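Here's the structure, in structure tokens; my notes come after.
We did not get these values from a lab; they are worked out from the coordinates using the rules stated. Here the structure is a predicted model, which means the values were calculated and not measured. In this analysis, Cβ positions are derived from the backbone assuming ideal geometry, glycine residues included, and neighbour counts consider all displayed protein chains.
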Amino acid sequence: MANIYQPISAEILEVIEETPNIRTFVLKPEQEVPFLAGQFVELTIPGHGEAPFTPSSSHFERETLEMTIMKVGRATSALFKLGPGDFVGIRGPYGQRYPLEKFEGRDIYIVGGGVGLAPLRALFLALTHEIHKYKRIYLRYGARTPADIVYKRLIPKWEKMDKVDVELSVDAADEKWMKKVGVVTCLMDEIPCDEKTSIAVVCGPPIMMKFVTRRLLEAGFDGRNVYLSMEMNMSCGLGQCGHCKLGPYFTCKDGPVLTWDQIKDIPDPFV
Ligand SMILES: Cc1cc2nc3c(=O)[nH]c(=O)nc-3n(C[C@H](O)[C@H](O)[C@H](O)COP(=O)(O)OP(=O)(O)OC[C@H]3O[C@@H](n4cnc5c(N)ncnc54)[C@H](O)[C@@H]3O)c2cc1C
Ligand code: FES
């Protein structure tokens, strides 16, 4: 019987420095990883264990896979020592995809914080690849400082895209920053899409998710249309170890993206 924990090998082709502690790793897996936006994989760093990450590249790109990763601890520190020509392992994809068929014909309001823009980039690229299917894409993104903004090299291109509306904020500006200053909810005073029918998608630190969700609900969004990346502590990724339990859900199998409607009765879902 095949070992479900056995990763496939992937070569690191390129490492792109996004911020002082966030890098994008461009990987070439030995065989296709058929992920769809919203799903995640377990990345093995040989000799240092594995950790879950959501690909940040488009699911329409099958040859390579990108992951945008923040250095926080043991596995990610080991990964940051690797470069082009080194190999990592991948198993997955796991979890549920975004139900893009439900997004068609609607405004999509995406809110990201910090490295949370990484999983959202996979969704953003999937949406813009078939932009004719959607009404308009709103991207709201907040980082701590201008230096902490991921994808600085790509955002100017996104800002010029047809049917795409991008706004950025930073908690603390420098002398060159000409955009909004404040936590990401400062971009949500006015929400320019129809709250009754629009889809909202949120990913970021738990505290940001909590306040963004509160603002979306106040604005009139339907909890069934608010999609939240619940990146709980995961281990097996297969619904077997129970590490990722959130109320009645295994976030590795039922998530990681769950709607507000699904989690609204769970005490402190954003802890
Ligand atoms: C579905 C999913 C998708 C993810 N996608 C991304 C991504 O695209 N980019 C990215 O940078 N990170 C992502 N993460 C978080 C990533 O898995 C953790 O940062 C990583 O496991 C840390 O490993 P480590 O060994 O370096 O840190 P550790 O040494 O294990 O821990 C260092 C610190 O990070 C915290 N931590 C560890 N694991 C997690 C976790 N799973 N969630 C939250 N905090 C954790 C610990 O509490 C500790 O404070 C994702 C997590 C999940 C569950
Ligand atoms: S990570 Fe093991 S059950 Fe979800």
Along the Cα→Cβ direction, 7 angstrom out, place labels at His48 and Lys245. What is the inter-label distance in nm? 3.2
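In the chain, what percentage of the DSSP-assigned beta bridges are antiparallel, given to the nearest 5?
Working: 32 of 56 bridges.
In the chain, DSSP labels about 55 percent of beta bridges as antiparallel.
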Which of Lys102/Lys253; Lys71/Lys264; Lys196/Lys264 have a Cα-Cα distance over 22 Å? Lys71/Lys264
Helical mean residue ellipticity (222 nm; -39500 (n - 2.57) per DSSP H run of 4+; nearest 500) of the chain: -4500 deg cm²/dmol
Sorting Ala37, Met230, Gly85 by the position of each Cα along the dipole of the chain (Lys, Arg +1; Asp, Glu -1; all at Cβ), the one nearest the positive end of that ordering is Met230
In nm, spacing of pseudo-spin labels at Asn233 and Glu159 (7 Å Cα→C-beta vector): 4.0
Per principal axis, largest first, the Cα atoms of the range 9-127 extend in Å by 46, 31, 21
If we restrict to alpha carbons, what Rg and Dmax does the range 220-271 come to, in Å? 11.0, 37
With a Förster radius of 25 Å, plug the Cβ-Cβ distance of Thr145 and Lys81 into 1/(1 + (r/R0)^6) and report the FRET value to the nearest 0.05. 0.50
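Compute the signed sum of charges (Lys and Arg +1, Asp and Glu -1) over the other residues within less than 14 Å, Cβ to Cβ, of Pro248.
So the surrounding residues net to 0.
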Any chance you could list the semi-axes, whole Å, largest first, of the equivalent ellipsoid that the Cα gyration tensor gives for the range 1-49, using √(5λ)? 23, 14, 12
Distance (nanometres) between label positions extended 7 Å along Cα→Cβ at Asp268 and Leu36: 3.5
Neighbours of His48 by Cβ distance under 10 Å: Lys/Arg at +1, Asp/Glu at -1, summed charge +1
About its Cα centre, the range 163-217 carries a charge dipole, from +1 on Lys and Arg Cβ atoms and -1 on Asp and Glu Cβ atoms, whose size in debye to the nearest 20 is 200
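Rounded to the nearest 0.05, what FRET efficiency is calculated for Leu13 and Ile131 with R0 set to 30 Å and r the Cβ-Cβ distance? Before the final figure, lay out each step's value.
Numbers: r = 28 Å, r/R0 = 0.92.
The pair Leu13/Ile131 has a calculated efficiency of 0.60.
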Longest principal axis of the chain (C-alpha) makes with the long axis of helix 206-218 (C-alpha) an angle, in degrees to the nearest 10, of 30
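Quote the convex hull volume per residue of the range 150-271, based on C-alpha atoms, as a whole number of Å³.
Numbers: hull volume 17.3 nm³, N = 122.
Cα convex hull per residue, to the nearest whole number: 142 Å³.
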Stokes-Einstein at 37 °C, 0.692 mPa s, Kirkwood radius from Cα pairs: D for the chain in µm² s⁻¹? 173
Paramagnetic reach from Tyr5 in the range 77-105 [backbone N under 14 Å; point 7 Å along Cα→Cβ]: 91
